[in-house]
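Nothing in this text is a laboratory measurement; each read-out follows from the coordinates by a stated rule. Fair warning: this is a prediction, and the values are worked out from it, not measured in the lab. When we count neighbours, we look across all protein chains shown, and the Cβ atoms used for this are built from the backbone with ideal geometry, even at glycine.
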Amino acid sequence: MSECLFCGIVEGKIKGEIVYRDDSIVAFKDIHPRAPVHILIIPAKHISTLLDLQNEDNGLVGEIFSVANRLAKEQGISTDGFRVVANCGAAAGQTVFHIHFHLLGGRNFSWPPG
Ligand code: 5GP
Ligand code: ZN
């Protein structure tokens with residue numbers, strides 16, 4: 001999937017401000033932050049949308065939330081509260097088709113989302 005933007009960041013071919021990496025997960029700052037803290041947490045392997053997750057990926061999704069908790073603490077947003085958002089498909093606003101979980105914090109958020 002060499003044409004995938006986020007695979008390019010995982011592979012180091014495209015610049016990304018990486019804040020966490022292990023064998024299966026990479027997290028980096030969003031290029032257009034919507035909050036004082038806005039990090040994208042992604043699986044290192046290419047998965048296009050949430051609908052493409054397989055049972056074998058269940059552990060991976062758990063790891064993503066472990067990383068979200070770790071980064072929320074490291075970034076100082078765990079006490080006040082934070083949001084984790086995953087958009088699936090065009091109507092939800094997904095623009096990059098390599099699954100990613102937005103970790104957002106550092107301000108108050110409205111509900112329901114726009
Ligand atoms: P989506 O709209 O698919 O849920 O979120 C895609 C996110 O990727 C957006 O928040 C957008 O700002 C971010 N993004 C798009 N291109 C790049 C890039 O080249 N680098 C980084 N770090 N983030 C990007
Ligand atoms: Zn990809």
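List the relative contact order of the chain as a percent without decimals, with contacts defined as Cα pairs under 8 Å and 6+ residues apart.
On the way: 158 pairs, mean separation 33.2, N = 114.
Taking the mean separation of contacting Cα pairs over the length of the chain, I get 29 percent.
Determine the sum of side-chain charges near residue 57: Lys and Arg each +1, Asp and Glu each -1, restricted to other residues whose C-beta is under 11 angstrom from that of residue 57.
On the way: positive: 45; negative: 52, 56, 63.
Local net charge: -2.
To the nearest µm²/s, what D does Stokes-Einstein give for the chain at 25 °C and 0.890 mPa s, using the Kirkwood radius over alpha carbon pairs as Rh? Mind showing how you got there, number by number?
Details: Rh = 14.5 Å.
For these conditions, the coefficient is 169 µm²/s.
With a Förster radius of 25 Å, plug the Cβ-Cβ distance of residue 15 and residue 78 into 1/(1 + (r/R0)^6) and report the FRET value to the nearest 0.05. All intermediate terms of the calculation are to be shown ahead of the outcome.
On the way: r = 28 Å, r/R0 = 1.12.
The calculated FRET efficiency here is 0.35.
Can you list the cysteines of the chain that have no other Cys Cβ under 4.7 Å away?
Singleton cysteines: 88.
Near residue 15, which lysines are there with a Cα under 21 Å away, not counting those fewer than 8 places off in the same chain?
29, 45
Using Cα springs under 10 Å in a Gaussian network model of the chain, which residue among 40, 60, 51 shows the largest mean-square fluctuation?
51
For the stretch 61-113 and the stretch 4-27, what is the separation of their C-alpha centers, rounded to whole Å?
For the stretch 61-113 versus the stretch 4-27, the Cα centre distance is 17 Å.
How far apart, in nanometres, would the label points at residue 61 and residue 32 be if each is projected 7 angstrom from Cα along the Cα-to-Cβ direction?
2.8 nm
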